[in-house]
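Undergrad: One structure, pasted below without further comment.
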Amino acid sequence: MMTGITGTPGTGKTSIAAELAQRGHRVVRLTDTVKPYIIEEDRCRETLVVDVDRWATEFKPVDGIVEGHLAHLLSCDRVVVLRCRPDLLRERLAPRNYPREKVAENVEAEALDVILIETLEGHPDEHVLELDTTDLSTGECADRIEQFIRGELPASCGSIDWTDYLELGT
């Protein structure tokens, strides 16, 4: 069974995946798999443009966890969409030295549910867990993901609303 962990940059994917790996789960970091599919690299915006269709088609499924903000584009059996309150997300992204525009773009994407919507376009609701990482530790998030993988925590999505955090006019 392949479980995807996805979300906007800064929601906790890498930290939580590292915790799950320490617990013995096989974890594939998707950033390690896209290099042959890079079309363009924008160093100013710290962005890679990837041939996502070709990458997803050629990706060999794994028995384990795939982690990355493109994981929901793969044929996962289950998908966990990590979420984070936009004001905290902005704080988490600040130390990464992203350009101001990239931080704003990611915060807006989180407020607008972009990754969740993309996930639900490709996966049935009953295979998707939306997990708010805002007030949970890495360990607590990993616990919930393990419960979801084992079928002990039901799928749940669509209850998080960050629209109050939209910065209109900026």
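Coordinate-derived values only; no laboratory data. Small disclaimer: the values here were computed from a predicted structure and weren't measured. Here the Cβ positions follow ideal geometry from the backbone for every residue, glycine too, while neighbour counts run over all protein chains shown.
Undergrad: GNM, the chain, Cα, under 10 Å: largest mean-square fluctuation among Pro95, Pro154, Pro61?
TA: Sorting by GNM fluctuation, first place goes to Pro95.
Undergrad: Please build a GNM for the chain, connecting alpha carbons under 10 Å apart, and tell me which residue among Pro86, Pro124, Pro36 fluctuates the most.
TA: It is Pro36.
Undergrad: Something else: Return the long-range amide H neighbours of His123 (sequence gap of 5 or more, or a different chain), with a cut-off of under 5 Å between placed amide H atoms.
TA: For His123, no residues qualify.
Undergrad: In segment 34-142, which trypsin sites (Lys or Arg not before Pro) fall in coil by DSSP and have 14 or fewer other Cβ atoms within 10 Å?
TA: Of the trypsin sites (Lys or Arg not before Pro), the ones in loops of segment 34-142 whose Cβ has at most 14 other Cβ atoms within 10 Å are Arg43, Arg45.
Undergrad: Right, another one. Neighbour counts of other C-beta atoms within 10 Å: give me Cys84, Cys141 arranged from fewest to most. The partial results should precede the final answer.
TA: Details: Cys84 27, Cys141 23.
With the fewest neighbours first, Cys84, Cys141 line up as Cys141, Cys84.
Undergrad: Explain nothing, just the number: dipole magnitude of the chain about its Cα centre with +1 on each Lys and Arg Cβ and -1 on each Asp and Glu Cβ, in debye rounded to the nearest 20.
TA: 660
Undergrad: Using a 10 angstrom cutoff on alpha carbons, build the Gaussian network for the chain and name the most mobile of Thr119, Thr33, Thr134.
TA: Result: Thr33 has the largest fluctuation of those listed.
Undergrad: Ok, one more. Per 5 Å bin, what is the whole-percent P(r) computed from every C-alpha pair distance within the chain?
TA: Bins of 5 Å from zero give 1, 9, 18, 21, 22, 16, 10, 3, 0, 0 percent of pairs.
Undergrad: For Val66, enumerate residues with amide H under 5 Å from its amide H, sequence gap 5+ or separate chain, H modeled in the peptide plane.
TA: For Val66, the qualifying residues are Thr3, Gly4, Ile5, Val28.
Undergrad: What residue among Ile145, Leu20, Leu116 has its Cα farthest toward the positive end of the dipole of segment 13-170, where the charges are +1 on Lys, Arg and -1 on Asp, Glu, each on the Cβ?
TA: Checked the options; the winner is Leu20.
Undergrad: Further question: Give me the percent of DSSP beta bridges within the chain that run antiparallel, rounded to the nearest 5.
TA: Around 20 percent of the beta bridges assigned by DSSP in the chain are antiparallel ones.
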